[in-house]
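No lab work stands behind these numbers, since they all come straight from the coordinates. Fair warning: this is a prediction, and the values are worked out from it, not measured in the lab. Cβ sites come from the backbone with ideal geometry, for glycine too, and all protein chains shown count toward neighbours.
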Amino acid sequence: MSQPLIAARNAPVRVNRVRPEVTSPERPALRVVTPPAGLRLRVPLPLACVVLLTLGLFGLLMTNIAIAGDAYQVTDRQVESQALADQQQAADEALASLAAPQNLAAAASALDMVPAPGAVHLTAHGAVGQADAAVAPTPTPPAPAAATPTAPAQAGGQGEAPAADAPAADAPAADAPVTDAPAATSPTAD
């Protein structure tokens, strides 16, 4: 056999002793006992815990309300930012349309500008290419005015037509400066 089993067999056995019951013929008188000082302090402690818990929950509620308000402000700012981004994109597209080569050429010809025949490029070693003088555009004759009778019809039923040499009243003179030409300005992107 093993050692622990032998030791368990040889261990003394505890015997439960029965105490004799003590019977007292008289019952002691009861008296009111004041609680000790430590027991009196137990009531404010739970009250303080409840007050602290209530204050903590109220603070948490106020924090959540502030966070929710900030979330609404963030959403409003995101909507505003998206609207501004759309406006900027529309302005960029308008600028790109105005800066397109065909639109620039049309605006330049409306201002009586002519393309440069030869371009000169500047490099670190000097100018490359040869500059040629630009040719002035040929003025376009004004459109002839429609034939309208200026005098009452004569007996033959033929009205007098204005002379072909006379300039039309609403057509500008060829050497007069044109003041109603659109200004060629392009918006700048910041």
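Using packing as a proxy for protection, rank 107-120, 64-77 so that the peptide with the highest average count of other Cβ atoms within 10 Å comes first.
Ranked from most to least packed, the peptides come out as 107-120, 64-77.
Beyond 18 Å, what share of the Cα-Cα pairs of segment 42-94 is found? Please give it as a whole percent.
Across segment 42-94, Cα pairs with separations above 18 Å total 62 percent.
Between LEU52 and VAL32, what FRET efficiency follows from the Cβ-Cβ distance if R0 is 35 Å, with the result rounded to 0.05?
With R0 = 35 Å, the Cβ-Cβ based efficiency is 0.55.
Between ILE65 and ALA94, take the C-beta separation as r, use R0 = 45 Å, and let me know the FRET efficiency to the nearest 0.05.
Values: r = 44 Å, r/R0 = 0.98.
Using R0 = 45 Å, I get an efficiency of 0.55.
Between rounded, prolate and oblate, where does segment 90-145 land on the alpha carbon gyration tensor, with a ≥ b ≥ c its root eigenvalues, rounded for a/c under 1.5, else prolate if a/b exceeds b/c? Before the final figure, lay out the partial values.
On the way: a/c = 5.60, a/b = 1.21, b/c = 4.62.
The shape class here is oblate.
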